[in-house]
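Here's the structure we're looking at; comments come further down.
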Amino acid sequence: MMRNQGKSQRRKAQGGFTLVEVVVSMGVLTVGLVSLLGVFGLAMATTQSSQQDMIAKQLANEAYESIIAARNSSVIGWDDIQNTGSPCSGGGSSCGIFLSSAMQIYQAGPDGIYGTQDDITAGLRQFLHDPGPDGIFGTADDVLIPLTGYTRTITITNVDSTLRSITIAIVYTTPQSPQKTYTLNSYISEFY
């Protein structure tokens with residue numbers, strides 16, 4: 001009789017999972033899958049806003065590069081690289097051509113520099129030119145995307161007589177957030 005009792009105990013120890021173990025493992029698996037779905041949703045949201053983020057970065061870089069190019073080609077003088085109403089270095093009353101308030105994204109005016117007084121008079125909003133389904137620019141299926149949800153603010157402050165700080169802020173909206181801001185900070189020297 002003792003022999004049979006030992007075999008039955010071995011059979012019990014070799015049995016399958018209990019109901020409690022199965023329920024606990026299903027709970028752990030469910031928590032893991034729900035967390036994974038949350039990360040997947042966040043990745044999708046980030047992917048959807050990445051185009052707007054890239055456009056904001058490009059608009060800020062474009063404005064900064066137009067300032068540098070204008071300085072390097074002597075299109076504008078050092079006193080002009082300031083916000084409107086700034087004091088002139090030579091003792092003049094008011095210098096600067098860059099508007100300090102937020103403005104819609106317009107094409108560069110006749111001076112070819114973004115963010116200046118003449119941009120508004122140009123009257124053309126800037127567009128993103130997409131090559132369309134065929135992937136070739138200049139064909140009939142090209143798409144022009146208006147940049148209506150973006151504003152640009154250029155703030156220029158004097159660091160000293162030959163160095164200025166430039167801050168370009170692009171404010172825009174994405175499907176996930178009501179307002180985002182991309183800020184580019186840099187410096188410009190009178191000398192190049």
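Taking the chain as a Gaussian network of alpha-carbon nodes connected by springs under 10 Å, the highest mean-square fluctuation of the residues 103, 44, 54 belongs to 44. Each Lys and Arg Cβ is given +1 and each Asp and Glu Cβ -1; about its Cα centre, the stretch 30-189 then shows a dipole of about 480 debye. Here 66, 35, 93 are placed in order of increasing Cβ neighbour count within 10 Å, fewest first, which gives 93, 35, 66. Kindly express, to the nearest 10 degrees and within the range 0 to 90, the angle between helix 19-72's C-alpha long axis and the longest C-alpha principal axis of the chain. Roughly 10 degrees between the two axes.
Which Cα, out of 36, 98, 136, lies furthest along the positive dipole direction of the stretch 30-189 (beta carbon charges, K/R +1, D/E -1)? In the stretch 30-189, that residue is 36.
Counting every other Cβ atom within 10 Å of each residue's Cβ, 62, 21 order from fewest to most as 21, 62. The ranking of 40, 98 from fewest to most other beta carbons within 10 Å of each one's beta carbon is 40, 98. Dipole orientation for the chain: of the candidates 78, 172, 110, 172 has the Cα lying most toward the positive pole (charges on Cβ; Lys, Arg +1; Asp, Glu -1). Looking at the stretch 30-189, the DSSP beta bridges with both ends there are about 95 percent antiparallel.
The simple spin-label model puts a point 7 Å past each Cα toward its Cβ; for residue 125 and residue 73 those points are separated by 2.7 nm. Once the Cα atoms are used to define both axes, helix 2-13 deviates from the longest principal axis of the chain by about 20 degrees. Between residue 167 and residue 39, the distance separating the two model label sites (each 7 Å from Cα on the Cα→Cβ line) works out to 3.7 nm. Annotation: amide H-H contacts under 5 Å for residue 180 (H modelled 1.01 Å from N, sequence separation of 5 or more, or interchain): 172, 173, 174. Across 94, 74, 49, mean-square fluctuation computed from a Gaussian network of the chain (C-alpha pairs under 10 Å connected) peaks at 74.
A short reminder: the numbers here are calculations on the coordinates, not readings from a lab. Values in this document were obtained by computation on a predicted structure and should not be read as measured data. Cβ sites come from the backbone with ideal geometry, for glycine too, and all protein chains shown count toward neighbours.
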